[in-house]
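One structure is given below, encoded as structure tokens.
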Amino acid sequence: MDLTYSPDDLQFREKTRRWFQANVPHGELKTLDERKQWHRKMYDAGYVGMHWPKEHGGQGWGPMRMAIASDEMARANAPAAINGLGIGFIGPTIIIHGTDWQKQRYLKKILTAEEIWCQLYSEPNSGSDLASLRTRAEDQGDHFLVNGQKIWTSSGHIADFGILLARTDPKVPKHKGISCFLFNMRQPGVDVRPLKQITGGAEFNEVFMTNATVDKQNLIGRLGQGWEIAQTTLGYERGGNSLGRVTRYKAAFDRLVQATRKLKRHGRPLIEDPVVRTKMGRLYAELEVQRYAALRVLSALEKGAEPGAASSITKLSYSEFEKRYYELCQEILGPYGQVTEGGGLEEFTLDIDSSSGVRGTWAYAYLWSRAGTIYSGSSEIQKNVIGERVLGLPKEVRVDRMKA
Ligand SMILES: Cc1cc2nc3c(=O)[nH]c(=O)nc-3n(C[C@H](O)[C@H](O)[C@H](O)COP(=O)(O)OP(=O)(O)OC[C@H]3O[C@@H](n4cnc5c(N)ncnc54)[C@H](O)[C@@H]3O)c2cc1C
């Protein structure tokens, strides 16, 4: 793998660093409007939709430029763009599988965040086994009638549209009877109910659809092609932005070092305690492993490799690391890990965007870190993908426990 930057890359990094230093907002963006404004500013400067082709309003940048930009965003502690699902993989899916009308109608407004998107895949009994989903879309001539329930819909409460998987043919094998739609969330018959999470936040939702409709022109790809289209979105989702993520971990690590310099145990700074030093050393070593893994992915992408099944390795590795990481931070900080803003204890808060995009307590980051091992396919599912599709091992054998 090639780990060197060209003079062009270095110049681009310098320019990007200057832009973020000059423009990054100070303090947390609290309202949706404030987040949209920041999004718009980044869009106007060319830092949104960097991987999208130019003809669809993006920058057409390669993986290296994108990685440098996301690295600089993380370094500047810049809040993430809004509409992450739309920009990260729903837009690119429309670019690959959509009709000219769909591209014309939706893409620009995804980029500018004028319309927010969500992903309507999971159902109460269909998560890992997504192909068993039961939401139905029945052909009514010029439109489909949609009935069913989705769950864990991130940003569903603020979304204008969703990419929807629904069953259009119950008679064929389960993978073949699913179709994919661009679904209007702001219509009668759509009931969105936020779900409160262990973190105290409520970023995801249940979505009930009762006789909701979707026009034929909003079918994406062919009827029955939904499963194949879902694979496109999941490949993008798991590929992720690994280098920026590592830079954010490193910012959290620097914050941890700062806190352990201030905190005292038996009259001595915590950072001088040999047990604490060993733990922090281990974290740092793991962080470096993550950094090189991210660079390896970047190097492969630069050579034109598709994210594909191998992106499961990155996803499994960073999400399990993140859990260990924030757990160790909790161990080291003890009760200070619970500190929120104010009271003269600001230096013990996690004043950076953790991977959830939320600033605040270490406890929040710790609780949120469980999510990474579940969304976009749980760790066990990633292991299956790696075993079967990367290593070529035999397919998993499903045991019916009732019969066994
Ligand atoms: C923060 C967050 C955001 C999310 N956002 C969205 C969203 O926007 N849109 C959306 O559609 N979904 C979303 N999801 C849902 C997510 O995709 C599902 O939670 C995930 O696919 C797992 O499905 P499940 O929760 O039904 O668990 P289950 O599939 O019921 O799994 C339960 C347990 O069994 C294990 N398991 C299941 N099958 C196997 C197997 N074959 N072999 C070994 N172990 C197995 C799993 O690993 C897990 O530990 C989100 C989830 C989270 C946590």
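Hey, for a label at residue 104 modelled as a point 7 Å past Cα toward Cβ, could you say which residues of the range 73-98 have their backbone N under 20 Å away? 91-98, by backbone N distance to the label point. For the range 35-51, putting each phi into the Karplus relation 6.51 cos²θ - 1.76 cosθ + 1.60 with θ = phi - 60° gives couplings of 5, 5, 4, 5, 4, 4, 5, 5, 4, 4, 7, x, 9, 10, x, 5, 8 Hz, in residue order, rounded to whole numbers and with x for Gly and Pro.
Can you classify the range 109-201 as rounded, prolate or oblate using the Cα gyration tensor, where a ≥ b ≥ c are the square roots of its eigenvalues, rounded means a/c under 1.5, and otherwise it's prolate if a/b beats b/c and oblate if not? Here the range 109-201 falls in the oblate category. Each of 158, 263, 5 was placed along the dipole of the chain (beta-carbon charges, centred on the mean Cα), and the one lying farthest toward the positive end is 263. Taken one residue at a time, the phi angles of the range 192-201 give Karplus couplings (6.51, -1.76, 1.60, θ = phi - 60°) of 9, 10, x, 10, 7, 9, 4, 6, x, x Hz. Gly and Pro are set to x. Amide hydrogen proximity for residue 212: with H placed 1.01 Å from N in the peptide plane, the residues at 5 or more positions away or on another chain lying under 5 Å are 146.
With θ taken as phi - 60° and the Karplus curve 6.51 cos²θ - 1.76 cosθ + 1.60 applied, the whole-hertz 3J(HN,Hα) list for the range 14-28 is 4, 5, 5, 4, 4, 5, 5, 4, 7, 10, 4, x, 8, x, 6 Hz, x standing for glycine and proline. Using a simple spin-label model with pseudo-atoms 7 Å out from Cα toward Cβ, residue 132 and residue 8 lie 5.0 nm apart.
The convex hull around the C-alpha trace of the range 289-341, projected and averaged over every direction, spans 5.1 square nanometres. Between amide H atoms placed 1.01 Å from N, distances below 5 Å from residue 135 occur with 149, 167, all of them 5 or more places distant or on a separate chain. Starting from the Cα gyration tensor of the range 266-310, take the square roots of the eigenvalues, sort them a ≥ b ≥ c, and report rounded, prolate or oblate (rounded when a/c is under 1.5, otherwise prolate if a/b is larger than b/c, else oblate). It is prolate, given that a/c is not under 1.5 and a/b is the larger ratio.
Could you report the chain's accessible area per residue, 1.4 Å probe, as an integer in Å²?
50
Return the whole-Å distance between the Cα centroid of the range 250-313 and the Cα centroid of the range 34-111. Each part's Cα centre sits 28 Å from the other's. In terms of distances greater than 22 angstrom between alpha carbons, the cross-link table entries 315/383; 36/108; 41/109; 109/176; 250/279; 150/196 yield 109/176. Taking a ≥ b ≥ c as the square roots of the eigenvalues of the alpha-carbon gyration tensor, the chain is classed prolate because a/c is 1.5 or more and a/b outweighs b/c.
Scanning residues 5 or more positions from residue 203 or on other chains, those with amide H under 5 Å from its amide H are 197, with H placed 1.01 Å from N in the peptide plane. Here the chain has 52 percent of its accessible surface on carbon and sulfur atoms, given a 1.4 Å probe and all protein chains in place. In a fully extended conformation the segment linking residue 26 and residue 305 would gain 96.6 nm over its present Cα-Cα distance, using 0.36 nm per residue. For the chain, the dipole from Cβ point charges (+1 on Lys and Arg, -1 on Asp and Glu) about the Cα centre works out to 540 debye, to the nearest 20. Listed by chain and number, the aspartates and glutamates whose C-alpha is less than 12 Å from the C-alpha of residue 103, apart from same-chain residues fewer than 8 away, are 55.
Take every pair of alpha-carbon atoms less than 8 Å apart whose residues are at least six positions apart; their mean separation over the length of the range 15-167 yields a relative contact order of 20 percent.
The values are calculated or read from the model by the stated rules, or taken from the named source; none is laboratory data. Since this is a predicted model, take the numbers as computed values, not measurements. When we count neighbours, we look across all protein chains shown, and the Cβ atoms used for this are built from the backbone with ideal geometry, even at glycine. Heads up: the accessible areas ignore ligands, DNA and RNA and are worked out on the full protein's heavy atoms, side chains in. Shrake-Rupley method; radii C 1.70, N 1.55, O 1.52, S 1.80 Å.
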